[in-house]
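The values are calculated or read from the model by the stated rules, or taken from the named source; none is laboratory data. As the structure is a computational prediction, the values presented were derived from the model and not from experiment. Positions of Cβ are backbone-derived with ideal geometry, glycine not excepted, and every protein chain shown enters the neighbour counts. For accessibility, only protein heavy atoms count, side chains too; no ligands or nucleic acids. Shrake-Rupley method; radii C 1.70, N 1.55, O 1.52, S 1.80 Å.
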Amino acid sequence: MSNRVAIYPGSFDPPTFGHLDLIHRASRIFPKLVVAVATNNEKTCLFTVPERTEMLRAITQDLPTVEIDSFKGLTTEFARKCGAVAIVRGLRAISDFEFEHGMAVTNQKLNPEVDTVCLMPSEPYLFLSSRVVKEVARLGGDVSHSVPPIVLEHLLRRLAE
Ligand code: ADP
């Protein structure tokens, strides 16, 4: 049981306190957690994959069982490569459910050996998303309560370019 690996895939563009909350929760359940930046939709992202992995590394440096990686292609193939037994995803509101359910069923067909485990964030992060953080920051709003300081630095620098 001690080698149960889980992967937590996502865009993380940029990582928020919501993502970090889920990373903490998942790392209490699984002995090893691989947080992986999915590189499929790079074009629409504000940050490059190396920038996103760098931010994730910085905000998880106090978590020795968490590894940061990136991958291209099917999440289920990446899970197989990692020897993962679970794919961690987040459920905020009911509106996340339909999408996550569809993905979970699809991934189950692609790799029946891996299960999707959905975790709920704590209340302050229920309405937090990378998209909203970027929108608010672009308009000059304060997002310091939504992202870790190192992410805030990256965000403000990128938006000032
Ligand atoms: P994706 O493009 O794969 O949805 P995201 O980076 O937006 O990537 O999210 C990755 C995962 O983290 C998704 O399962 C999403 O529901 C979850 N997530 C994002 N923000 C939060 C949050 N505030 N609380 C809980 N889960 C979240």
Seminar exercise, completed: The simple spin-label model distance between His101 and Leu74, using points 7 Å out along Cα→Cβ, in nm, is 2.4 nm
Exercise. Once the mean 1/r over all distinct Cα pairs of the range 75-136 is inverted, what Kirkwood radius in angstroms do you read off?
Worked result: 12.9 Å
Exercise. In a Debye calculation with equal point scatterers on the alpha-carbon sites of the range 5-160 and no solvent, what is log10 I(q)/I(0) at q = 0.08, 0.09, 0.15 Å⁻¹?
Worked result: -0.21, -0.27, -0.77
Seminar exercise, completed: Relative contact order of the range 5-160 (C-alpha contacts under 8 Å, at least 6 apart) in percent is 29 percent
For this session: Would you mind getting me the FRET efficiency between Thr44 and Glu161? Use the beta-carbon distance for r and R0 = 22 Å, nearest 0.05.
Result: 0.80
Exercise. Rolling a 1.4 angstrom probe over the protein heavy atoms, how many square angstrom per residue are accessible across the chain?
Worked result: 55 Å²
Exercise. Nearest 0.05, what FRET efficiency do Gln61 and Lys109 give at R0 = 35 Å with Cβ-Cβ as r?
Worked result: 0.45
Seminar exercise, completed: On the accessible surface of the chain, probed at 1.4 Å with all protein chains in place, carbon and sulfur together account for a percent value of 56 percent
Exercise. Just from its helices, what would the mean residue ellipticity at 222 nm be for the chain, if runs of 4 or more DSSP H residues each count -39500 (n - 2.57) and the sum is divided by every residue, rounded to the nearest 500 deg cm²/dmol?
Worked result: -13500 deg cm²/dmol
